[in-house]
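To keep things clear, I will list the structure first and then write my remarks on it.
The values are calculated or read from the model by the stated rules, or taken from the named source; none is laboratory data. What you see is a predicted model, and the numbers here were worked out from it, not measured in a lab. Neighbour counts are summed over all protein chains in view; Cβ atoms, including those assigned to glycine, are modelled from backbone coordinates with ideal geometry. Areas reflect the complete protein model, heavy atoms only, side chains present, ligands, DNA and RNA absent. Shrake-Rupley method; radii C 1.70, N 1.55, O 1.52, S 1.80 Å.
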Amino acid sequence: MTVNLVTVFVTDPQDSKSDHISRTLSMGIVRGELQPGEKLRQDHIARKFGVSHVTVREALLRLAAHGLARSLPRRGMCVSPLDRNTIDELRVMRQALEPAALLHSVPKLTAAQIAEVQDIHAQCEASATAFEWEETNRRFHMAIIAGCGMPRLTEEIHNLQLLYARHFFARHADRWKPRSDPDHGAIIAAIHDRDAVRAGTIMRRHLSRQA
């Protein structure tokens, strides 16, 4: 696996090895390279990355905290399932949290942050593969809430988006085609107008359309 797309919120140098393992395994799970129910063997992972079992255990605990892995009796840590109920729950949570974060973010976004949003939107529109689009789409959703000033809320939204990405790759990646997203453009227009309510309304509608 050669993946490095997950934003990391913990930057303590002492945690760098377990962070790297957690990021790599996370994207392996999200992209379907590690299947639901597949066992995450500590000894195999330790040999692969050249680290101790303690470091691997820390990485696996992060995966479990993010809902990507779970511990099963007599089987150790396995990749979490992704069922219809989970997908529905993720959508409901995103519809509640992302518009709320956007409501607080829009009035506080700086000119530089808005320019970054526009740049990411352009990259998203120009994406040639499902992997490029998903990564830039997540970056767009995080960039527009960058002004909310609520780190716990921001981290929770980031995690929900990562979990939802599993659903996207499992169900839509093989038939994805380049496309424009008018909702993103409408959100940017609302941000320019500093209309947080309108931006939140568009976001809620946007998330309701995701199957």
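Looking only at the stretch 49-66, which residues are surrounded by fewer than 17 Cβ atoms within 10 Å (Cβ to Cβ) and under 23 Å from residue 165 (Cβ atoms)? Outline the logic, then answer.
Step one: of the stretch 49-66, the residues surrounded by fewer than 17 Cβ atoms within 10 Å (Cβ to Cβ) are 50, 52-54, 57, 61, 64-65.
Listed by number, the residues that qualify are 61, 64, 65.
Checking the structure you have, find out if any residue of the stretch 162-177 is closer than 26 Å to residue 23 by Cα, modelled with pLDDT of 95 or more and not aromatic (Phe, Trp, Tyr).
no
Going by the structure shown, is residue 81 touching a Pro at 6+ places or on another chain (Cβ under 7 Å), open to solvent by 30 Å² or more (accessible area, probe 1.4 Å) and not small (Gly, Ala, Ser)? Break it down into steps so the answer makes sense when it comes.
Details: touching a Pro at 6+ places or on another chain (Cβ under 7 Å): yes; open to solvent by 30 Å² or more (accessible area, probe 1.4 Å): yes; not small (Gly, Ala, Ser): yes.
Taking the combined requirement at face value, the residue satisfies it.
For the stretch 139-158: of the residues being part of a helix (DSSP H, G or I) and open to solvent by 20 Å² or more (accessible area, probe 1.4 Å), which is farthest from residue 97 (Cα to Cα)?
Within the stretch 139-158, the first condition is being part of a helix (DSSP H, G or I), and the residues that meet it are 139-143, 151-158.
With open to solvent by 20 Å² or more (accessible area, probe 1.4 Å) added as a condition, the list becomes 139, 142, 151-156.
Numbers: 139: 16, 142: 12, 151: 13, 152: 11, 153: 8, 154: 9, 155: 11, 156: 9 Å.
So the residue we want is 139.
Go through the stretch 96-138 and give me each residue that's farther than 26 Å from residue 167 by Cα, of a type in the set (A, V, I, L, M, F, W, C) and in a helix (DSSP H, G or I).
103, 106, 111, 112, 114, 115
Within the stretch 41-95, how many residues turn out to be aliphatic (A, V, I, L, M), part of a loop (DSSP other than H, G, I, E, B) and under 21 Å from the mean Cα position of the chain (by Cα)?
2
In this structure, is residue 30 of a type in the set (Val, Ile, Thr) and open to solvent by 50 Å² or more (accessible area, probe 1.4 Å)?
Judged against the criteria, residue 30 is not a match.
Which residues, counting only those in the stretch 191-211, are outside any helix (DSSP H, G or I) and among the polar types (S, T, N, Q)? Spell out how you get there, then give the answer.
If we filter the stretch 191-211 for residues that are outside any helix (DSSP H, G or I), which is where we start, we get 193-195, 209-211.
Passing the criteria: only 210.
When the residues of the stretch 85-124 are narrowed to those that are open to solvent by 70 Å² or more (accessible area, probe 1.4 Å) and among the polar types (S, T, N, Q), which ends up nearest to residue 207 (Cα to Cα)?
First, pick out the residues of the stretch 85-124 that are open to solvent by 70 Å² or more (accessible area, probe 1.4 Å): 85, 89, 92, 103-104, 107-108, 111-112, 116, 118-119.
Going one step further and asking which of them are among the polar types (S, T, N, Q), we end up with 85, 118.
On the way: 85: 16, 118: 20 Å.
If we take residues in the stretch 85-124 being open to solvent by 70 Å² or more (accessible area, probe 1.4 Å) and among the polar types (S, T, N, Q), then 85 is nearest to residue 207 (Cα to Cα).
Return yes or no: is residue 132 open to solvent by 10 Å² or more (accessible area, probe 1.4 Å) and within 14 Å of residue 187 (Cβ to Cβ)?
Values: open to solvent by 10 Å² or more (accessible area, probe 1.4 Å): yes; within 14 Å of residue 187 (Cβ to Cβ): no.
No.
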